[in-house]
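The values are calculated or read from the model by the stated rules, or taken from the named source; none is laboratory data. A quick note: this is a predicted structure, and the numbers were derived from the prediction, not measured. Here the Cβ positions follow ideal geometry from the backbone for every residue, glycine too, while neighbour counts run over all protein chains shown. Side chains are part of the model used for accessible areas, which takes the heavy atoms of the whole protein and leaves out ligands, DNA and RNA. Shrake-Rupley method; radii C 1.70, N 1.55, O 1.52, S 1.80 Å.
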Amino acid sequence: MNEASDLALKGFHTQVEVRWSDMDAFQHINHARMVTLLEEARIPWLFYDDRPTKTLRDGAVLVDLHVQYRGQLRHEDTPLDIVMWVEKLRAVDFTVGYEVRAGGASPTDKPAVTATTQIAAFDIEGQRLRRFTPEEKAYLDSWRRA
């Protein structure tokens with residue numbers, strides 16, 4: 001395998017259904033809806049009950065977001081294949097990398113969308129950032145691309 005295909009295979013893969021309402025007047029996925037689809041993709045990876053990071057449901061803030069469109073995605077591309085990984089991990093935050101492809105595309109195909117989100121653990125009651133627990137940090141670290 002080459003380096004590009006190695007990277008495409010490492011990460012949490014999930015599929016997200018495109019809704020008709022996700023389309024804009026030009027018949028491709030609207031930017032605001034793409035951000036929502038990325039959020040929906042994170043749920044099974046980070047917030048399900050069996051995940052050590054489920055505690056982030058009680059307090060996490062989005063710090064930064066970047067989305068780059070490299071191709072169009074349309075309703076007929078559903079379900080979208082989204083792969084996510086941890087690009088950067090620090091004591092209180094981490095950066096998620098994303099590649100979004102049309103349903104049925106090969107993981108080695110050029111992604112239609114690439115994105116990053118920086119997410120910080122947050123103590124809602126204290127209204128301040130908090131450090132990751134050892135369990136949260138170990139889980140997130142297991143998804144880092146080398």
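For this structure, a couple of remarks:
- Only protein heavy atoms count here; under a 1.4 Å probe, Ile43 has an accessible surface of about 70 Å².
- Average accessible surface for the stretch 51-146: 53 Å² per residue, computed with a 1.4 Å probe over protein heavy atoms with every protein chain in place.
- Stretching the chain fully between Ile124 and Arg74 yields a gain of 14.2 nm (0.36 nm per residue, less the alpha carbon separation).
- Within the same chain, lysines fewer than 8 places from Lys54 are excluded, and of the rest, those with a Cα less than 25 Å from its Cα are Lys10, Lys88, Lys137.
- Accessible area of Phe122 (1.4 Å probe, protein heavy atoms only, ligands and nucleic acids ignored): about 40 Å².
- Expressed as a whole percent, the accessible area of the chain that falls on carbon and sulfur atoms is 51 (1.4 Å probe).
- Here Ser106 and Leu62 are evaluated by their C-beta separation; at R0 = 41 Å the FRET efficiency comes out at 0.85.
- Calculated Rg/Rh (Cα atoms, Kirkwood Rh) (choose from (1) 0.98; (2) 0.96; (3) 0.94), label: (1)
- Efficiency of FRET between Ile43 and Ala91 - r from beta-carbon atoms, R0 22 angstrom, step 0.05: 0.35
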